[in-house]
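Asks: I have a structure here, written as structure tokens, and I will follow up with some questions on it.
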Amino acid sequence: MINVKFYLDKADKNECSPIHLVIRQKEVQIKVATGEKVLKKDWDAKKQLVKESESHAKSINKFLFFLKQEVEKYFENMPHSYFTEKKVKEKILSLVNIRKENTDVKIVCEQALEYESKEKITFLDLFAGAGGFSEGFLQAEYGNKYYDFLLGSDINENCELTHLARYNYQLGLDAEFLCQDITEPDFLANLLKKLNAKQVDVVCGGPPCQSFSLAGKRKKFDKKDDLFAHYLSVIRALRPKYFVMENVKGILTKEGGKIKEMILQEIKSIVDLKEFNQLIVFLAKLRKGEKEKIFTLDCYNLRLQFESASEKDVEKLKENYIQNIENKFRLLTPKIADYKTSKTDINISTIRHGFNLLKRAKELAYIRKKVILEKSHSDLDNDFFAHKFDDFLTSIQSDSIIEQINDSFKKLNPSAAFQNEIDEIITGLEIYDYSFEECIQGLKPYIENAKAEQEFEEILSHIRLYNIDQPFVALASNYGVPQNRERVLFIGCRKDQTLIKSIPPTVSEKEKVTVFEALFDLDFIGNDEEKFDYEEIDLKARYNGNTNEMKALIKKRAIDGTIDDNNGLTYAEWSKKGRLNGRFGHIKPPFYVRNAEELENNLSHIVAPLHNHKTSKQNDDVIKRLSIILNSGDYDLAKTALKNVGLNSEKRSYNVLKADSQSPTVMTIADDYIHFAKPRALTVREMARLQSFDDSFVFQGKRSTGGNKRKFEVPQFTLVGNAVPPLMARAVALEILKNIK
């Protein structure tokens, strides 16, 4: 048995006494200074605590408890022969010294001087989550260019906590964070205020994508489905040189590919307001040469003016547009119906009331948003309520209203003599609902008649602010990430920049990082344990018989994963060293806090070399179940054996990690994965390794959550699982640096 206690040493000239830790085991006694000092009156020797009369009592006591706990665990787990005074002191002093380094935190620190003369490319990260994009962008450098992080944004407080801890406190950047829902009316104003007129060169972000996922249930009218539109609103306002949108592969096939095409149309519909008047002048000239379809061309003209108007002016323009069509219908009504019919017929009433609804676009949009939020809040899905809510939401969309008006015209069965006027009304309503790109396509027959194609294309090249190729699927393992994670990337570039069509892989199939290479050095943890420091792994003892085979999986690499036998580091070594290229000379040691209050109080930080390396408490049955699955190598293959011993589970899936290949897509639930060598789930740190986060990147706040709390809490496992792999983000950032002007 060991005895770990604290005592006060002699007071200094300020009457503050250093707190020492003393370890006694049989005849051995070791004393180590903790680095903390208190007045004698503030120390409770009996309770081994600092009294509440000391202003920092809570944080000092937290550190002393942590130190005592770590020392006891150290003695419990290490062989007796390892207990030399020198080694024990080294262990304790390592924890004490990095705490000292961390308490001298400055929110903004200077970067290495060599970067002062380099060109800064500014970026912001929307839907930032843990900061996978941010991390990758900060790792990327090319020639004389590097990235300057201006702002991150997300709706969740734990995302903000992790951002502030990493980028402000640890790296010393002055990057802002906006913790707000992007759909709120004042989001853009608050964003611009925080940016303080700074030019933004690149915007990146992955809007939440649950409703697009191939793996999950596809929900109609999910509140997350319209977040792309809000993302593009930010692009319209900031006019960055490049923007990157990341999403799951399912978005390519959602609604038969219509969602993808809608996104591309919306991107191509972002206009350069400085050049937009060229198009209006061109349409006026086109109208002069048109004899038959003047009303339709006027509709195109009015619709296109929406693009250059302010939000307030757009409301008035939309109302005037519908009023213009309604006036045409009023002139038509006496021709197709007598007075009594015009006042009583349900079809004519539907047409009139449809115009009223279309003029109330802003109010209907507000109702739609509120109903979708209520549907989500009440979890309406797979029940008798859901389709009724969806039917209502469908009925108040402009395309549904226009379709109902069209049906009502057909049911009136008017004389063929008036069909042309009716067609013009219907066409005018359809144009009202067109995107900019659909307007351009609709105008082409008129332009061909006028033989003005070349002039029109020239004008469009000036008006379209962004160019974009087709979205492409990026496989994370192609960029040095030990994970077969597929993500779709949309990369838009401003018209004065070079179009980027793909991101070249950094590793070949044979060079890919394996699960073993990523995780082997962390495999020193048991059931229901937490480790704060690295330990040696004896591969020969662990893998007796195939040691050489396992060692062969460990390769020397450059940062991006390419093989470099001469000057490279292993993936594990890069994870420990960090991939920030020595740019941050004042980087603080990694630390953990539970909440914002602890973050603000530097003394409350748990400072240690390793964080987020904690295993779940698994009972004997769970361990046996996982052992059977692990030995079978596959959950489906193990189901019969599990049933025979009464350990079958209702759990949908377990993924057994294969040491010599890449992991499947890392999700947000650790219990979905079984370690390649032990019957246990992964730790947050191991999942972070599979995502390519540096070990110094600490995921803050709660470790996990469950039940309904998953709707609004973003604990560590969720932060990791939802993140963009930093090495994949680095490859994207590097390609932009190579092309940006």
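Where a number appears in this text, it was derived from the coordinates with a stated rule and is not lab data. Predicted model only: the values in this text are computed from it and were never measured. Note that we place each Cβ from the backbone using ideal geometry, even for glycine, and neighbour counts take in every protein chain shown.
Asks: At Lys709 and Val473, where each label point lies 7 Å from the Cα along Cα→Cβ, what is the point-to-point distance in nanometres?
Replies: Result: 3.7 nm between the two label points.
Asks: While we're here: Less than 20 Å apart at the alpha-carbon level, and either on another chain or at least 8 residues along: which lysines does that give for Lys444?
Replies: Lys268, Lys285, Lys288, Lys291, Lys293
Asks: What per residue convex hull volume, in Å³, do the alpha-carbon atoms of the stretch 3-103 yield?
Replies: 110 Å³
Asks: What's the whole-number percent of alpha carbon pairs in the stretch 687-741 lying beyond 18 angstrom?
Replies: 46 percent
Asks: Right, next: Nearest 500 deg cm²/dmol is fine: what mean residue ellipticity at 222 nm does the chain get from its DSSP H runs of n ≥ 4 alone, each adding -39,500 (n - 2.57), divided by its residue count?
Replies: -13000 deg cm²/dmol
Asks: Let me ask another. Taking the stretch 632-741, which chymotrypsin sites (Phe, Trp or Tyr not before Pro) meet the DSSP loop condition and have no more than 15 other C-beta atoms within 10 Å?
Replies: Sparse-neighbourhood loop chymotrypsin sites (Phe, Trp or Tyr not before Pro): Phe712.
Asks: Report the longest stretch of the chain that contains none of the GluC sites (Glu not before Pro) sitting in a DSSP loop with at most 11 other Cβ atoms within 10 Å.
Replies: In short, 53-291.
Asks: I'd like the orientation of helix 311-336 relative to the chain: the angle between its Cα long axis and the longest Cα principal axis, in ° from 0 to 90, rounded to 10.
Replies: Once rounded, one gets 30 degrees.
Asks: If each residue of separation counts as 0.36 nm, what is the full-extension length gain between Ile346 and Asp533 once their alpha-carbon separation is subtracted?
Replies: That works out to 59.7 nm of additional length.
Asks: If you don't mind, there's one more thing I want to ask. Charges at C-beta only: +1 for Lys and Arg, -1 for Asp and Glu. How large is the resulting dipole of the stretch 368-474 about its Cα centre, in Debye rounded to 20?
Replies: 340 debye
Asks: Given 0.36 nm per residue, what is the gain on full extension from Lys617 to Glu597 after removing their alpha carbon distance, in nm?
Replies: 4.4 nm
Asks: With respect to the cross-link table entries Lys87/Lys614; Lys86/Lys588; Lys5/Lys614; Lys86/Lys617; Lys258/Lys312; Lys531/Lys556, which display a Cα-Cα separation exceeding 28 Å?
Replies: Beyond 28 Å: Lys86/Lys617; Lys258/Lys312.
Asks: Can you tell me the orientation of helix 294-304 relative to the chain, as the angle in degrees between its alpha-carbon axis and the longest Cα principal axis, to the nearest 10?
Replies: Value to nearest ten degrees: 20.
Asks: Sticking with this structure for a sec: What are the radius of gyration and Dmax of the stretch 515-720, computed over its Cα atoms and given in Å?
Replies: Both quantities, over Cα of the stretch 515-720: 18.3, 59 Å.
Asks: Could you give me the ³J(HN,Hα) list for the stretch 502-516, computed from phi with Karplus coefficients 6.51, -1.76, 1.60 and θ = phi - 60°, whole Hz, x at Gly and Pro?
Replies: Taking θ as phi minus 60°, the curve returns 6, 10, x, x, 9, 10, 7, 4, 6, 8, 4, 6, 9, 4, 4 Hz for the stretch 502-516.
Asks: Let me ask you something else. HN-Hα J couplings of the stretch 154-161 from phi, Karplus 6.51/-1.76/1.60, θ = phi - 60°, integer Hz, Gly and Pro as x?
Replies: Residue by residue, the stretch 154-161 yields 6, 8, 9, 5, 6, 5, 5, 4 Hz.
Asks: Hey, another quick one. Within a Cβ distance under 9 Å of Val684, other residues only, what is the Lys/Arg minus Asp/Glu net charge?
Replies: Neighbour charge sum, excluding Val684 itself: +2.
Asks: Can you list the trypsin sites (Lys or Arg not before Pro) in the stretch 1-74 that are in a DSSP coil and have 10 or fewer other beta carbons within 10 angstrom?
Replies: Of the trypsin sites (Lys or Arg not before Pro), the ones in loops of the stretch 1-74 whose Cβ has at most 10 other Cβ atoms within 10 Å are Lys10, Lys13, Lys26, Lys46, Lys47.
Asks: Calculate the spin-label point distance for Glu52 paired with Thr253, positioning each point 7 Å from the Cα along the beta-carbon direction, and give it in nanometres.
Replies: 6.1 nm
Asks: Report, in degrees rounded to the nearest 10, the 0 to 90 angle that the Cα long axis of helix 726-739 makes with the longest principal axis of the chain.
Replies: 60 degrees
Asks: Label-point separation (nm) for Ser400 and Asn567, each offset 7 Å from Cα along Cα-to-Cβ?
Replies: 6.2 nm
Asks: The list (i) 37, 35, 27; (ii) 59, 28, 26; (iii) 69, 42, 23 gives values of semi-axes √(5λ) of the Cα gyration tensor in Å, and only one came from this structure; which label was calculated from it?
Replies: The value matching this structure is (ii).
Asks: For Lys451 and Gln265, what does the FRET efficiency come to when R0 = 30 Å and r is the distance between their Cβ atoms, rounded to the nearest 0.05?
Replies: 0.70
Asks: Can you give the charge dipole size of the chain about its Cα centre, rounded to the nearest 20 debye, using +1 on the beta carbon of Lys and Arg and -1 on the beta carbon of Asp and Glu?
Replies: 1100 debye
Asks: Would you kindly compute the Cα radius of gyration of the stretch 309-433 and its largest Cα-Cα separation (Dmax), both in Å?
Replies: Computed over the Cα atoms of the stretch 309-433, radius of gyration and Dmax are 16.9, 52 Å.
Asks: Would you kindly derive the ³J(HN,Hα) couplings of the stretch 169-177 from the backbone phi angles with the Karplus curve 6.51 cos²θ - 1.76 cosθ + 1.60 (θ = phi - 60°), listing them in order in whole Hz, with x for Gly and Pro?
Replies: Along the stretch 169-177, the couplings run 6, 7, 8, x, 7, 9, 4, 7, 9 Hz.
Asks: Still on this structure, I have one more. First select every other residue whose beta carbon is under 9 angstrom from the beta carbon of Asp399; then total the charges, Lys and Arg +1, Asp and Glu -1.
Replies: -3
Asks: When the chain is fully extended, how far beyond the present Cα-Cα distance does Ser435 get from Ala641, taking 0.36 nm per residue of separation?
Replies: Value of the extension gain: 68.4 nm.
Asks: Give me, ordered by chain and number, the residues 5 or more places off Tyr147 or on other chains with an amide H under 5 Å from its own placed amide H.
Replies: For Tyr147, the qualifying residues are Ile121.
Asks: Then there's this: Less than 11 Å Cβ to Cβ from Ile503, Lys/Arg counted +1 and Asp/Glu -1: what total charge do the surrounding residues give?
Replies: +3
Asks: With just the Cα atoms defining each centre, how far is the stretch 244-267 from the stretch 478-505? Give it in Å.
Replies: 15 Å
Asks: Let me ask another. Tally the DSSP beta bridges in the chain and give the antiparallel ones as a percent, rounded to 5.
Replies: The antiparallel fraction comes to roughly 65 percent.
Asks: Quick one: what Rg and Dmax do you get for the stretch 241-347 from the alpha carbons, in Å?
Replies: Every Cα atom of the stretch 241-347 included, Rg and Dmax give 19.9, 60 Å.
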